[in-house]
Amino acid sequence: MSADLYAAVNCDGPDCFNAIHYPDARTATDVRRRSRQDGWHRRPGGRDLCPSCWKEGKR
Ligand SMILES: [Zn+2]
């Protein structure tokens, strides 16, 4: 059994379980850089927000 996991970023919005990953992204930093182009945002303190939460103002 492999212990390898996708590098993924999870949304930290309230009651939100969205997550994003890219099959060829090796690190969370890599995922974040690319997810930003897909509408994800990183907040101070290390919280990540998906596009829906960002639009709904749950910043
Ligand atoms: Zn969200």
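The values are calculated or read from the model by the stated rules, or taken from the named source; none is laboratory data. Quick caveat: nothing in here was measured; it's all calculated off a predicted structure. Cβ: placed from backbone, ideal geometry, glycine included. Neighbour counts: every protein chain shown.
State yes or no: is N10 at pLDDT 95 or above, surrounded by fewer than 17 Cβ atoms within 10 Å (Cβ to Cβ) and within 12 Å of the ligand (Cβ to nearest atom)? Spelling it out, it is not the case that N10 is at pLDDT 95 or above, surrounded by fewer than 17 Cβ atoms within 10 Å (Cβ to Cβ) and within 12 Å of the ligand (Cβ to nearest atom). Taking only region 13-44 into account, find how many residues are touching a residue at least 24 places away in the same chain (Cβ under 8 Å), surrounded by 14 or more Cβ atoms within 10 Å (Cβ to Cβ) and not hydrophobic (A, V, I, L, M, F, W, C). So the count comes out to 3.
Looking at region 49-56, is at least one residue more than 13 Å from the ligand (Cβ to nearest atom), surrounded by 13 or more Cβ atoms within 10 Å (Cβ to Cβ), among the aromatic types (F, W, Y) and more than 8 Å from the chain's Cα centre (by Cα)? No. Among the residues of region 24-33, are any at pLDDT 95 or above and touching a helix residue (DSSP H, G or I) at 6+ places or on another chain (Cβ under 9 Å)? Within region 24-33, none of the residues are at pLDDT 95 or above and touching a helix residue (DSSP H, G or I) at 6+ places or on another chain (Cβ under 9 Å). Cβ-Cβ contacts under 7 Å between residues 6 or more apart (or on different chains), taken from a first residue in region 47-59 that is within 22 Å of T29 (Cβ to Cβ) to a second residue that is in a strand (DSSP E or B) and not acidic (D, E), are listed as D48/V9; D48/N10; D48/R42; L49/H41; L49/R43; W54/H41; R59/R43; R59/L49.
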